Amino acid sequence: MKRQKDNKHLDFIRSLPCVICLDNTSTEAAHIRYADRQAGKRQTGMQEKSDDAFAIPLCGECHRAQHGTSERAWWNGKEIDPVKLALALYRISGDAEAGTNIVQAYH
């Protein structure tokens, strides 16, 4: 299947604070790579991004940490379900107040 892109959603994600440290000066749209069959998300291969619906806000430092180890283990250590977070943000994409509230609830 062809990757689903949504530049407006990525801009929205970049406008939110990092879900880990709440830094809002250098937020990046971090894509979740691992599969989640319950959410209909397939595993992505090397050098392949998932659909933009599966992006979450991370600062540059946290984004590098996410990809620097086993991604699933990293998220488990943070006690955050990134797929659930990504889908919640995608559902309200464009609503800055709701997005910030969701990020703070996960932090």
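The values are calculated or read from the model by the stated rules, or taken from the named source; none is laboratory data. From a predicted model like this one, the values you see are computed outputs, not experimental measurements. Every residue, glycine among them, receives a Cβ derived from its backbone with ideal geometry; neighbour counts consider all protein chains shown.
Some values worked out for this structure:
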quantity	calculated
Extreme residue, farthest from GLU61 (Cα to Cα), among residues of region 11-39 that are modelled with pLDDT under 95, charged (D, E, K, R) and not in a loop (DSSP other than H, G, I, E, B)	ARG37
Selected residue (criterion: modelled with the lowest pLDDT) from residues of region 40-61 that are part of a helix (DSSP H, G or I) and acidic (Asp, Glu)	ASP52
Residue list for region 75-90, restricted to those being more than 13 Å from the chain's Cα centre (by Cα) and either assigned to a helix (DSSP H, G or I) or at negative phi (or both)	ASN76, GLY77, LYS78
Residues of region 77-107 that turn out to be acidic (Asp, Glu) and under 20 Å from HIS67 (Cβ atoms), as a count	2
